[in-house]
Structure formats: C-alpha cells, structure tokens
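Visitor: Take a look at this one; I'll ask things after.
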Amino acid sequence: MTAPLLQVKNLVKQFPIRGGLLQRVVDRVHAVDDVSFDLGASETLGVVGESGCGKSTTGRCILRLIEPTSGQVHFDGKDVSGASKAELRALARDMQIIFQDPFASLNPRMTVASIIGEALTIHKLAPTRAEYDARIVELLETVGLSADHMRRYPHEFSGGQRQRIGIARALAVKPRLVVCDEAVSALDVSIQAQVINLLEDLQEQLGLTYIFIAHDLSVVEHISDRVAVMYLGRIVEIAPAKDLYSHPRHPYTEALLSAVPIPDPTVKRERIRLQGDVPSPIRPPPGCHFHTRCPIAQKGLCDVQRPELKTVAEGHQVSCHLRS
Ligand code: SF4
C-alpha cells in the first residue's frame, strides 16, 4: 500500500479569548478538536459541516496559514507542523488554497497578470519576461479564460470568472494539494457546477489532490472520493462518498442528508429537523458534542462519555456510542 500524501494526526486549534485590563486569556474557542485523517495522492476529501464547525480552520492549519495549537501534519513524508519559515515557503509550492470569496480574495488594484504572476516571481518560476507572460497565458487558458484577460482588473469579471482567476493563481506554482475552502459557496448554483467541473478536469489533467470544504453535502457529493462530516471541531463520520450518501451512520450526517434535495420527485425522504442551535465552541458540551441536539441521545452515556471514531465498515468511521 502506498503511503498517503497527507497525514493529519490529532490536530487541535484553540483561539484564546483575552479580556480585562491586562488582556489575559480568559477563555478559549475550541475550533478544531483532535482531528485525524489521511489523504491519498489524486484523492478528493470533502469536508462538510455547519458554519463554525472548524472545517476552514482545519484546512488553514494544515497549510499553516493558522498555527495549530497541537497535532501533526505530514505532507509527502515532510513534517509541515514542525517546518521552519524557509521550509514552509518551499512547501507552499506543493500546497495551495482557493478561497471562498472571489470578490474579496483578489486585490482590486492588481491586473489579472500580476495576481497570477505574483507567485511565479516569489518562487522564481519564470526567469524571463517572455516565460512569465507565456506561463500566465497558459494558466488563463487552463482555467477557461484567455490572453485578452491578462491586463484587466478583477472588477471587470463575473463571480465565476474571478474564481477561475483564483484557481489560476493557486495553480501557478504547480501544487500537488489544493485546499478549496468553500470555493464555490459564494457562486450561483449553475456557476458552482461549472467551477466544480473545471476542478474535476484539472484534477484529471494535473493529478491534483483536493480537500474540498463546503457547508452543504450536495455540493461535495460529485467531486469527493471520501467525505468527512464535522461537528463542533470534531470529525463525526468519515467514509467513501457512496457509502456516506447511501448508508449514513451518524445521526448528524442523517440530519444533514435529509435536507439535501433528491432530483427524483417519486422518492420521498423525511426531513430530520434538529432542535436548538449549535452550542458555543467556547464551552462545547461534554461527552458527545452532539448530545444536546441528537434525537437518539442516551442520558448518562452520551452526555458523559466522548465517543471514539471507530471503524464500522471498510474505510467508514463513525463517532457514536449507538451506531456500529
Ligand atoms: Fe447521539 Fe449519543 Fe451518538 Fe452522540 S453518541 S450521536 S449523542 S447517540
């Protein structure tokens, strides 16, 4: 068996909350709480959960855009979590991110050529002007834009086109892993499908590995080989996409799936409406974080004991005392 391209072990991120005259740490936001998974080369892991569940923080901790509190991340055998600044700069060529908001993530004062070319300059990947221009044209064409777009500014483009520019910028350094952080969430549904198709084509052409973060299970269904569902900083279920969609085991996954529309009008699925709101990540509930909203929670068990993520079928893990 080949070693995974990415290994994440016991990743934790807590954000301190400071207060008082001396700005002492008075509390902590438990954003990522002991997250572990492996990811193979050319694989896509969808990561799904409501806002505030820690999915974006997980993605950013993996790339060290945010410093993790503890845990290990290895990329192609290299220790990302312990890497020095210089080592991180080198690793940035292998690991890139596409952000959610194509309106906010592109500098409005830079031309498309300078936005895409910035990384080429930083990493000295195009020594001459001719090579620089040729690479930018190549990248624009790869994402479905053209050389005519080089000298234009972000405000001249639609949301979908801007996200294509964001993708071209990420691809400039020829990465192997791309974290797509809610990369299609701000786009209309029809444009979402186009961008997802583009990402799939690029994966096939370039052998990319994706972590595809979204808050909606329907968005990640077609692009993901496996899906991880997160709730209050923890992975509650992780499985091959087909298994997760056909046989969800965790009550939270069942509730999320029940909200996904089914294209076939003859198939009816009962909507599971969860009671209450997601508790605060400052003081997550003890035991199973989900017990305050779980329709089948057992008093004296779920509110006391933390369920481990256990294997229930090949490649399928679930964190629930009552599901196996
Ligand atoms: Fe529900 Fe208990 Fe399972 Fe948590 S461990 S999901 S509260 S049944």
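Visitor: How big is the gap, in Å, between the Cα center of segment 3-34 and the Cα center of segment 70-100?
Guide: 18 Å
Visitor: Solvent-accessible area of T311, probe 1.4 Å, all protein chains present, reported in Å² to the nearest ten, please.
Guide: Its accessible surface works out to 90 Å², give or take rounding.
Visitor: Using 7 Å Cα-to-Cβ label points, what is the L322/I282 separation (nm, one decimal)?
Guide: 3.1 nm
Visitor: Next up: Give me the percent of the accessible area of segment 109-256 that comes from carbon and sulfur atoms, probe 1.4 Å, all protein chains in place.
Guide: Using a 1.4 Å probe with all protein chains present, segment 109-256 comes out at 48 percent carbon and sulfur.
Visitor: Then there's this: I need the GluC sites (Glu not before Pro) found in segment 175-276, filtered to DSSP loop residues with at most 15 other beta carbons within 10 Å of theirs.
Guide: Sparse-neighbourhood loop GluC sites (Glu not before Pro): E270.
Visitor: For R93, R293, what's the largest-to-smallest order of accessible area, 1.4 Å probe?
Guide: Solvent-accessible surface, decreasing: R93, R293.
Visitor: Per residue, how much accessible area does the chain have with a 1.4 Å probe, in Å²?
Guide: Per-residue accessible area for the chain comes out at 50 Å².
Visitor: Turning to a different aspect of this structure: Suppose only helical runs count, i.e. DSSP H with n ≥ 4. What mean residue ellipticity at 222 nm does that imply for the chain under -39500 (n - 2.57) per run, divided by all residues and rounded to the nearest 500 deg cm²/dmol?
Guide: It lands at -8000 deg cm²/dmol.
Visitor: Same structure again: If you roll a 1.4 angstrom probe over the protein chains with everything in place, what fraction of the accessible area of segment 264-324 belongs to carbon and sulfur, to the nearest %?
Guide: Result for segment 264-324: 51 percent of the exposed heavy-atom area is carbon or sulfur.
Visitor: With all protein chains present, calculate the accessible area of D79 using a 1.4 Å probe and round the result to the nearest 10 Å².
Guide: That residue has around 70 Å² of solvent-accessible surface.
Visitor: Beyond a 21 Å Cα-Cα separation, which of these cross-linked pairs lie in this structure: K85/K124; K55/K174; K9/K78?
Guide: K55/K174
Visitor: Please identify every one of the trypsin sites (Lys or Arg not before Pro) in segment 114-201 that sits in a loop by DSSP and has no more than 15 other beta carbons within 10 Å of its own beta carbon.
Guide: Sites meeting the loop and neighbour criteria: K124, R151, R152.
Visitor: Using unit Cβ charges (K, R positive; D, E negative) and no other charged atoms, how large, in debye to the nearest 20, is the dipole of the chain about its Cα centre?
Guide: Roughly 980 debye, rounded to the nearest 20.
Visitor: For V260 and V304, calculate 0.36 nm times their separation in residues minus their Cα-Cα distance, and state this gained length in nm to one decimal.
Guide: Answer, rounded to one decimal: 12.7 nm.
Visitor: Leaving ligands and nucleic acids out of the surface, order H30, H289 by accessible area at 1.4 Å, largest first.
Guide: Output order, biggest surface exposure first: H30, H289.
Visitor: A further question on this structure: Would you check the accessible area of I282, probe 1.4 Å, heavy atoms only, in square angstrom rounded to 10?
Guide: Surface accessible to solvent at I282 totals approximately 50 Å².
Visitor: Under the 0.36 nm per residue contour assumption, what length would be gained going from the current alpha-carbon distance of S51 and D225 to full extension?
Guide: Working it through step by step, the gained length comes to 60.4 nm.
Visitor: Within segment 10-37, list the residues whose amide N lies under 19 Å from a label point set 7 Å along Cα→Cβ of E67.
Guide: Residues 11-19, 23-34 fall inside that zone.
The values are calculated or read from the model by the stated rules, or taken from the named source; none is laboratory data. Just so you know, these numbers come straight off a predicted model, no measurement behind them. A quick note on method: Cβ atoms are made from the backbone with ideal geometry, for glycine too, and the neighbour counts reach across all protein chains shown. In case anyone asks, the SASA skips ligands and DNA or RNA and just uses the protein heavy atoms, side chains included. Shrake-Rupley method; radii C 1.70, N 1.55, O 1.52, S 1.80 Å.
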